[in-house]
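The values are calculated or read from the model by the stated rules, or taken from the named source; none is laboratory data. Because the structure is predicted, anything quoted here is derived from the model rather than measured. Cβ: placed from backbone, ideal geometry, glycine included. Neighbour counts: every protein chain shown. Just so you know, the surface numbers come from the protein's heavy atoms only, side chains and all, with ligands and any DNA or RNA stripped out. Shrake-Rupley method; radii C 1.70, N 1.55, O 1.52, S 1.80 Å.
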Amino acid sequence: MVGLIDLSNWKKQDNIIVELHREQGINITARQWRNEVEKWNKMFVEGKVDYYITHSNSLGFKATTDYEEAKIARDDYLKRAFNMFKKARDCDRAFKQKGNIEFDFEKGTIK
């Protein structure tokens, strides 16, 4: 499906979905499109296709063989991974702290 769209220039996801519907008769959701891009990029990694589909929050999607353009998506993946790691760490920390006992030595109480 990715190969049916001309991504030689940046194109927004909404435009891609409309173009697929209008020109190819294919109806997909945004999630399905992103899954197709993920499959395509896996094929790129395996050497089965000649270009990588990069993405940018502001520019959309683009086919590229230029690593500098591909790094836009790469950096986004790393940022998301780091943010997810922080959320997991915060969850762990919160549950570990729930088990802590607080002593109030002045009042002689345990919380």
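Structure above, values below:
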read-out	value
Conditions (1) open to solvent by 70 Å² or more (accessible area, probe 1.4 Å); (2) under 18 Å from D14 (Cβ atoms); (3) assigned to a loop (DSSP other than H, G, I, E, B); number of the one not met by I26	(1)
Matching residues, the stretch 57-108, being open to solvent by 60 Å² or more (accessible area, probe 1.4 Å) and in contact (Cβ under 8 Å) with a residue 40 or more places away in the chain	L59
